[in-house]
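To start, the structure under review is shown below, and the notes come after it.
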Amino acid sequence: DAAQPFHGPRQAGVLAEPARHSVVAAFDVIAESRAELTELLRTLTSRARFLTAGGAPAALGITGPPADSGVLGPEVPGGAVSVLAGAGASLFDERFGLAARKPPKLKQMPAFPDDALDPQWCHGDLSLVLNAAEPDIVLHGLRDLARATRGGMQLRWKIDGFSSPPRPSGTPRNLLGFKDGTANPSPSEADSLVWTGEGGSYQVIRLIRMLVEFWDRVSLAEQENMIGRRRDTGAPLDGAAEQDAPRYGEDPVGTVIPLTSHIRLANPRTPGTDGDRVLRRSVNYDRGVDTNGNLDMGLVFACYQRDPERQFETVQRRLAGEPLTDYVSPFGGGYFHLFPGVRDPADHYGRALL
Ligand code: HEM
């Protein structure tokens, strides 16, 4: 994992390859004034800066609690965690008088036709995504940030994510067994697809349960037709290698890659659809067992874009009713606006807003 510098015009973690471990969390702000909100964002920034840079936690007197959880030992390793911070539309309600500062494309995540949303797992005033190579590093980071901001914000929901090493090569797999992330835009397309002019980005998070027991009873050919790619190599059904581009023009009625397949609906590669693309950064989750004894696992789908309506929602609308919907169930998530990067030691998240 290459260490990401904390300071810069954009938050660095967005373009990074998926980390082995992550935590995705949303918070309700309980600060009661604009001044307290500013203080919260300053504190969040300085703790994120410290966690990213690493070092020895501050020494405290003998009677107070220690400066950090101790989970990582006496020194927090430098470059071990990356932090992404964003704001939800609700931060711009009447509480802080920020309505006029709301990022123009930010709104609350709507419910889509195949959704079964649980309000306890939706929305939030702030979002945090922490990524690291080890599970205790992300948990230490979350504890550190939550502790330093007590009184300013409170956890609303949180889910742990993980990503596998490539098996055997190429892109990591999701829990349906398919490589996930193959056809992402390249970093050179980020300016046109991912970043706003101010260096922010819109983050869409969708918590999507996979009905894996049901999926595991489907034939391989049917699974591959639902996705549009081979399970073993990740190649499109008309190709040989993972990175081969599907040639839909040569297959107008979907004989080889069905018209209803996930990849063909998501990105039909027809004129005018190029700008709908999003940068996906999804990870897997496991929440144990549900009350019926079924495995509760799935995908923390996350994507980044300049405009969630024009990009994510266009793709989502095309996917409505796809065959894959029988095997997945979106239950939560939210829309957030990632703050522009923290430029220097004097800057903080959301400074332009406050
Ligand atoms: C591609 C799985 C949800 C958008 C893919 C691929 C797989 C996959 C296996 C092919 C490999 C790749 O290019 O990454 C899933 C699963 C989902 C899910 C299992 C739910 C649990 C979504 C959602 C969206 C989405 C909610 C957006 C609304 C896309 C896009 C592509 C893609 C844009 C790339 C298509 C292309 O450019 O060829 N997905 N996906 N997916 N998916 Fe999903």
Under the rule rounded for a/c under 1.5, else prolate if a/b exceeds b/c, else oblate, using alpha carbon gyration tensor axes a ≥ b ≥ c, segment 43-91 is classed as oblate
Segment 279-307 and segment 100-135 have their Cα centres apart by a whole-number Å value of 13
Shape call for the chain, from the Cα gyration tensor axes a ≥ b ≥ c (a/c under 1.5 means rounded, otherwise prolate when a/b beats b/c, else oblate), comes out prolate
Least to most buried among M297, M109, by other C-beta atoms within 10 Å and fewest first, runs M297, M109
Rounded to the nearest 500, the 222 nm mean residue ellipticity computed for the chain from DSSP H runs (n ≥ 4, each -39500 (n - 2.57)) alone is -5000 deg cm²/dmol
In whole angstrom, the spacing between the Cα centers of segment 187-237 and segment 319-336 equals 11
Under a Gaussian network model of the chain whose springs join Cα atoms within less than 10 Å, the largest fluctuation of L139, L220, L319 belongs to L220
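Just need the relative contact order of the chain here, percent rounded to a whole number, with Cα pairs under 8 Å and 6+ apart.
That works out to 27 percent.
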The residues I263, I205, I62, sorted from fewest to most surrounding Cβ atoms within 10 Å, come out as I62, I263, I205
Filtered hits (aspartates and glutamates, Cα-Cα < 14 Å from K107, offset >= 8 within chain) -> D93, D125, D307, E309, E313
Classified through the alpha carbon gyration tensor (a ≥ b ≥ c as square roots of its eigenvalues; rounded if a/c is under 1.5, else prolate when a/b is larger than b/c, else oblate), segment 177-276 comes out oblate
Nearest 10, in degrees from 0 to 90: the angle of helix 34-53 to the longest Cα principal axis of the chain is 70
Among GluC sites (Glu not before Pro) in segment 22-101, those in a DSSP loop whose Cβ has at most 13 other Cβ atoms within 10 Å are E32, E75, E94
Mean-square fluctuation maximum in Gaussian network of the chain, Cα pairs under 10 Å, restricted to T233, T63, T182, hits T63
Put in order of increasing Cβ neighbours within 10 Å, starting from the fewest, W195, W215 give W215, W195
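Readers should treat all values here as calculations from the given coordinates under stated rules, not as data from a laboratory. Because the structure is predicted, anything quoted here is derived from the model rather than measured. Quick reminder, even Gly has a Cβ in these numbers, built from the backbone with ideal geometry, and neighbours come from all protein chains shown.
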